[in-house]
Every structure is written in C-alpha cells, then in structure tokens.
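Chemist: If you scroll down you'll find the structure; I have some questions about it.
The values are calculated or read from the model by the stated rules, or taken from the named source; none is laboratory data. It should be emphasised that the depicted structure is a prediction, and the values quoted were computed from it without experimental measurement. Cβ coordinates were reconstructed from backbone atoms using ideal geometry, including for glycine residues, and neighbour counts include every protein chain displayed. For accessibility, only protein heavy atoms count, side chains too; no ligands or nucleic acids. Shrake-Rupley method; radii C 1.70, N 1.55, O 1.52, S 1.80 Å.
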Amino acid sequence: RDSQQAETERLSRWKKWRRTSSKSLKKARSEVKDLSSYLVLWHHDIHSIEGKYGTGIQSYFSFLRFLVLLNFMIFILMFSFVTLPIIISKYGIFNSTIAYISPKNIEENCTIYEPSSNKGLVYFYTYLKDLFSGTGFLEVTSLFYGYYTIDAVWISIMKYNLPLAYLLATFAYLALSFIWIMKRSVEGFMQNLVHDADPFQSYCNKIFAGWDFCITDPNAARLKQRSLRYELQMDLQEEKLKQKIAERTTKEKIRIYTLRICINIIVFAILFACFYSIYRVTVFSQESSNVSIRNDTRTELANILVQYLPSMVITLANFIGPLIFSFLIRFEDYTPAFEIKLTLMRCVFIRLASIGVLMFSLWSQISNCSTDKCKPCGYNYKLYPCWESDVGQEMYKLMIFDFIVILAVPLCVDFPRKLLVTHCSCKLIQWFGQKEFQISDNVLEIIYGQTICWIGTFFSPLLPAIATIKYFIVFYVKKIILKHTSKPAGRPIRVSGSNFFFLAVLLIGLILAFIPLGVSIAHIPSSKACGPFRNFNTSWEVVPDTILEFSTGLQQVFFGMASEAFAVPFLMIICIILFYIIALARAHKRVVEQLREQLVLEGRDKMFLIRKITEAQK
C-alpha cells in the first residue's frame, strides 16, 4: 500500500484523475448492479422461498419466472410485428392504409367465411360462453388468425408485407425460445456432468458440501437433513441393487426381463388407449360443434361441454396415466434413481404426445375432403372455412381449461385436505397427511401449458399474453399452496439435475411444437377465406414469392442457398466440425481422468512420506 501511494504521488494530474475516475466508475457500476437486482421480477419472493424451503423448490419458482419473461417477450414480438401495424393502419396513424388483394383462380365457395359473431340482443351468459370457448365476439378479434385478413399495410410511402412479417415473427419466437433455453441449460448440463462423473466424488459432495446454507427456517433445516439422509440411503440401496444384479442367475434374469416386457406392453396399451380416446373425442367434438352451430339444437351448457371434451379427456389422461405408471414401476426392479427418471419420462411422453394426437386429429378432419366440391380448396372448407382460427380456438380452450384445473385443484382438494388433516384425528386421514409439493409434477404441468402456447401462437398471435397472465397468477397460487396447504417433498431431486431436467423437457416440448407448425406452414393449404396467406397455396409460399421481387443477383444467392449444391457441402462441413468437437471432448475427458489418477498417486506418495518421517522420528 505504501509503495502504491508513493507511486501515485509521482503520477501526473491527468493520470491521477483517470485512476480516480476509473475507481469511481467501477464503484458506481457495482452499486447500480446491486440496485438492479431489486428490479428483477419476484426477487424478494424467490429469495425468501429459497431461505425457507431450500434451493430445490426455489428452482421451480425461478423456472416459472423464466417462462413468464419468455412469454412476455414472445407477446412483444408478435404484437409489434403483426398486431400493431394493423392497429396503426386502421386508425390512419402515420398516413397509413390497408391493401387488400382479391384471391385469383379460387372457387367462390372457398372464400366464404362467416364468423359466429353475436348480433342483436345478447344474454350475459353468451359472452361467458364465448370467453371460455373463443367463439362469438372473440372470434373476430385480433386474438385469432382470421382477424389478420390483410395483404399489406402502407405506412406513408413504405409497404409493410404483413404475410411475410407474420411468418418471420413465427420463426423469430421459435428461434428466441430455442436460443434462450439452450443458453440457460448449458450451466445445468455442466453441473450435471460434474456431479455424475464419479460416484465417490458424489458421495464426498453430499458429506462435505451438501448443506444448503441459504436455509434459515428450522423446519426447512430438518427437511434438508432428511433429504441428505434419504440421498445417502438411496445411494447405498443402489449399490446393493447393483451387487444383486451382478449376482443374478440366468433364471432370475429371464424372469425379470419377461416381467419388464409385460409391464411395458401394458404401458403401451395404456398410452394407445389414451391417444385413441383423444382422437375419437376430438373428431366427435369437431363434428358435433359444427352441427350444433348450423342447427342450434343444444343448450349453451351442452355446447360448452362438447367443445371442451378434448381438453377434459387430455387432462384426465394426464392425471390417471402417471398414477398407473408409478404403481407399475415398483414391479420392474430398477434402481431408485432410474425409477424416478423412467416414470418422469413416461409422464412427459403422455403429456406432450397427447397434444400431438390432438393436432393429428384436427389435421385428419381438416384434410378430410371426401367430396369433389372441396377439392379445389385443398381442405374441408364446409366444416373449416377458416381452419387456422379453429385450431387457434382449440389451443385457446386447452390453455383456459389447464388454467381452470390449476386453480380448482387447490381450492377443491388441497385446502379441504389441509383442514381435515389439521382438525380431524382419524387415522386414515392422518395416514394420507398433507399433500407434498412435488417439484417434477408441477414443472411438467407448466411445460405442458408452454407447449400449447408455442403451437397456438401461430394460430392465435396474442396467446402468449394469456400465457404470461396465467403463469403470473400461477406463481402466487403455487406460493400460497406451498406455504399453507402443502409440505416439501420428502424425496427432493438435486438442484443442478432438476434445472437441467426442466430445461431438457422444455426443449422436448419446443421440438414437438416444431412438427405441427412445420406441417401447418409447409404442407396444409392455407385458408382462402381468411388470414394473411389466403392468396398463397401454403403459408411458406410467401417466402419464394418475396424473393422473386428482389434483384436477379439476390435471387440467385437465395435460390443457391436453397439448392442441393449448397446444402450437401454445408452439411459435410457441419459434420466435420461436430466430429472435431466430439474428438476434442473425448481428449479432454482422458486428460481429466489422467489428472485424477495423478492426484491419487500424489496422495499416496504423501501418505508414504508421512509414514517414513514418522518412523524416522521414532
């Protein structure tokens, strides 16, 4: 310090001022960073949850905050590039107008679209029905695809190509979601690799570094002690099972493998039954809804029940399936850790695949063109004059029904159960006890809703706004459930592993969303009666049509990039880069193993020297 002060005194005034300014700027940046942490959404709430219940449950609420921010960004993207230009043009702001181009070479019947909007005197319950089903007054709003029947927007002298903007905004929100998820998953993946690298290292981490020093509540501390004890017991049980597996006779192996095959056949039968039920109910709901709209023979309540049948069956399958899987897994004789992973993967599959089956059922109805009259349109225009809005309504109903279930379960099940456990001394009720706050089940619940949002945003551009509000409310609902009606799970999962698992399942949901969106954009003919793509055979055709408006040089560049002459060398280069990265990773892994062996040898050398020194002193 004295030498630094002496050196400072020899500096010029300009250098002294620069050094002082640099220190002041660093201090100011640090203070601003500390203050900005208080502006983070739910910073204090998540911090208090972490302090009271540990980092495991905190990871769920942090994941929920991530989805709120992600959906808000998607909403800003879709609203700015799709909805806002239409609002600006309709009110004539910036001297803007709307351009319509009449469809050419299209049969007149394909262009007829009469939304079921309410006219005349309307009862209040009709508005409620429309609010829950997405029909009526909601069908003609900017919430659904059919509202955007505009070909271009002129803002002053600039032409805004709305069909191209609609398609690019869809690609942008999918790319944003993918990049953001990958960015967040890298850290969890690295921690997961470090944890699973060596069982002995995992044991040392639990013993010497397993305590969560964020915990301040005594009950949470006891829970953490039980958690660590459970993890050690599970590790010992896994070692015993591995020893038991190694000592199995051929007869025992045949018996256990036969049993596993039979159980997996039962699991596939359950999945097939669930998916077939979803398919049949969706077909029945679509046909009955269209018949009731034309004939108006049912009551309003019956119509709502018919429209919500697919959502009800999907929710019922998501509830019953995991219960059966949890019961069957006990007979398969797996290690405890693998039991949890396999059950979770089966639950993930039934939740996410049910959405895919719903989309397939809708496609089969949309493409069911058995009569010659609908062949010119390429889709069943009689039942689906604007099929994109119909798909958007299905996604909207799934989102609303999922939200209703999330609110109804605590109110109708968790709170009464808490009251019974608290005030009733019956042994049966006390045996059931309070409901455990299962992190994995709650995460799968919100990932299911997020997958619906990703698929539905193309057909309902403002659906991310509903998802943002939904998850914002869900945060406080889950917080109340955690504090007042539930207890933390006795079998918690690791924080690093859980974070990576959450993001991995979320990534699976995003990849699943690519498939129906890709088929809808590139394969199924777009509606000729509504939407921005009514003048194109498919939504994707707007891209080559826009490229044809460029100069000849740019056209050759874009078409060259889409040709096989560019694709094959590009894929070869990517493969070479991947092989190089894989080889580099393996080399690094071997170096790490060698360093570990070297550390073990050095430890043995030290112990040998200590023994020699001790013997010499004696």
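Chemist: In debye, nearest 20, what is the charge dipole magnitude of the chain about its Cα centre with +1 on Lys and Arg Cβ and -1 on Asp and Glu Cβ, if you could check?
Modeler: 2480
Chemist: Between residue 386 and residues 5 or more places away or on another chain, which pairs have amide H atoms under 5 Å apart, with H built 1.01 Å from N, and which residues are they?
Modeler: none
Chemist: Oh, and also: Over the chain, what relative contact order in percent results from Cα pairs under 8 Å that are six or more residues apart?
Modeler: Working: 581 pairs, mean separation 140.5, N = 618.
This gives 23 percent for the chain.
Chemist: In what order, largest first, do 184, 346 sit by accessible area if the probe radius is 1.4 Å? Mind dumping the intermediate values first?
Modeler: Numbers: 184 100, 346 25 Å².
Final ranking, largest accessible area leading: 184, 346.
Chemist: Here is a further query. Spelling out what I want: for every residue of region 327-332, take phi, set θ = phi - 60°, compute 6.51 cos²θ - 1.76 cosθ + 1.60 (Karplus), and round to whole Hz; glycine and proline get x.
Modeler: Result, ordered by residue: 6, 6, 5, 5, 8, 8 Hz.
Chemist: Which Cα, out of 150, 467, 565, lies furthest along the positive dipole direction of the chain (beta carbon charges, K/R +1, D/E -1)?
Modeler: Positive-end residue among those listed: 467.
Chemist: Hey, another quick one. Can you work out ³J(HN,Hα) from phi for every residue in region 79-92, in order, using Karplus 6.51 cos²θ - 1.76 cosθ + 1.60 and θ = phi - 60°, giving whole Hz and x for Gly and Pro?
Modeler: 5, 5, 9, 10, 7, 4, x, 5, 4, 4, 6, 5, 9, x
Chemist: What list of ³J(HN,Hα) couplings, whole Hz, do you get for region 161-170 from phi and the Karplus terms 6.51, -1.76, 1.60, once you set θ to phi - 60° and write x for glycine and proline?
Modeler: My calculation for region 161-170 gives 7, 5, x, 5, 5, 4, 5, 5, 5, 5 Hz in order.
Chemist: A further question follows. From the square roots a ≥ b ≥ c of the eigenvalues of the alpha-carbon gyration tensor of region 563-617, which class results: rounded (a/c under 1.5), prolate (a/b over b/c), or oblate?
Modeler: Verdict is prolate for region 563-617.
Chemist: From largest accessible area down, sort 324, 261; use a 1.4 Å probe on the protein chains.
Modeler: Descending order: 261, 324.
Chemist: How tilted is helix 218-246 with respect to the longest principal axis of the chain? Cα atoms for both, answer in degrees (0 to 90, nearest 10).
Modeler: Approximately 90 degrees, to the nearest 10.
Chemist: Can you tell which of 44, 14, 321 lies farthest toward the positive end of the dipole of the chain, using +1 and -1 charges on the Cβ of basic and acidic side chains (Lys, Arg; Asp, Glu)?
Modeler: Among 44, 14, 321, the one farthest towards the positive end of the dipole of the chain is 14.
Chemist: If you place +1 on the Cβ of every Lys and Arg and -1 on the Cβ of every Asp and Glu, how big does the dipole about the Cα centre of region 563-617 come out, in debye to the nearest 20?
Modeler: Result for region 563-617 is approximately 260 debye, rounded to the nearest 20.
Chemist: Continuing with the same structure: Using the charge dipole of the chain (Lys, Arg: +1 at Cβ; Asp, Glu: -1 at Cβ; taken about the Cα centre), state which of 338, 548, 396 has its Cα farthest towards the positive end.
Modeler: Farthest towards the positive pole: 338.
Chemist: Next up: Enumerate by residue number the GluC sites (Glu not before Pro) in region 534-570 meeting two conditions: DSSP loop (anything except H, G, I, E, B), and at most 16 other Cβ atoms within 10 Å of the site's Cβ.
Modeler: Within region 534-570, the qualifying GluC sites (Glu not before Pro) (loop, at most 16 other Cβ atoms within 10 Å) are 549.
Chemist: As a test of reading the structure, rank 520, 22 by solvent-accessible area (1.4 Å probe, protein chains only), most first.
Modeler: 22, 520
Chemist: If you don't mind, there's one more thing I want to ask. What whole number of Å gives the distance from the Cα centroid of region 557-585 to the Cα centroid of region 324-344?
Modeler: After rounding, the separation between the Cα centres reads 41 Å.
Chemist: Report the charge-dipole magnitude of region 340-479 in Debye, nearest 20, computed about the Cα centre from +1 at each Lys and Arg Cβ and -1 at each Asp and Glu Cβ.
Modeler: Computed charge dipole of region 340-479: roughly 360 debye.
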